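Chemist: Quick one: the structure is below, and I'll ask about it shortly.
The values are calculated or read from the model by the stated rules, or taken from the named source; none is laboratory data. The shown structure was predicted, so the numbers you read here are calculated from the model rather than taken from an experiment. So basically every Cβ, Gly included, is an ideal-geometry build from the backbone, and we count neighbours across all protein chains shown.
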Amino acid sequence: MARNNVTEIAKRKISETEQLIADQVGRVYGLKSKHLSVGKAETKLDVLCTKLVIQRAKFSKFASSMRTYTLPKKILRETAEVGGPRWRIGWGGII
């Protein structure tokens with residue numbers, strides 16, 4: 001349960017940062033189309049992009065630690081033959 005909460009929080013933070021970046025890109029485009037100074041806006045955009053990269057790196061590091069080992073299908077088929085019909089019931093969708 002705790003992993004799901006952390007995952008949802010991380011996904012929400014990433015999507016919020018992506019939305020902020022999209023808004024900032026719109027601001028930069030608007031300023032450039034009016035031929036105004038975009039120095040501060042581009043700096044803020046760079047900071048937001050860096051923040052997004054850090055959040056995605058943390059999430060991918062966390063997500064990779066959550067992966068579980070799954071047996072290959074060949075091994076499952078072989079053990080299902082050994083175990084008989086009761087064993088095959090549990091793995092019916094895999095065979």
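Chemist: Restricting to segment 41-67, name every residue that is of a type in the set (D, E, K, R), over 12 Å from the mean Cα position of the chain (by Cα) and surrounded by 10 or more Cβ atoms within 10 Å (Cβ to Cβ). Reasoning before the result, please.
Modeler: First pass over segment 41-67, keeping only residues of a type in the set (D, E, K, R): 42, 44, 46, 51, 56, 58, 61, 67.
Of the ones still in play, those that are also over 12 Å from the mean Cα position of the chain (by Cα) are 42, 44, 46, 51, 67.
Those that are of a type in the set (D, E, K, R), over 12 Å from the mean Cα position of the chain (by Cα) and surrounded by 10 or more Cβ atoms within 10 Å (Cβ to Cβ): 42, 44, 46, 51.
Chemist: So residue 64 passes all but one of these: (1) among the small types (Gly, Ala, Ser); (2) at pLDDT 70 or above; (3) part of a helix (DSSP H, G or I). Which condition number does it fail?
Modeler: Unmet condition: (2).
Chemist: I'd like the full set of residues that are among the β-branched types (Val, Ile, Thr) and either closer than 17 Å to residue 19 by Cβ or out of contact with any Lys or Arg (no Cβ under 7 Å at 6 or more places or on another chain) (or both), limited to segment 29-46. Break it down stepwise before answering.
Modeler: First, pick out the residues of segment 29-46 that are among the β-branched types (Val, Ile, Thr): 38, 43.
Scanning segment 29-46 gives a single hit, 43.
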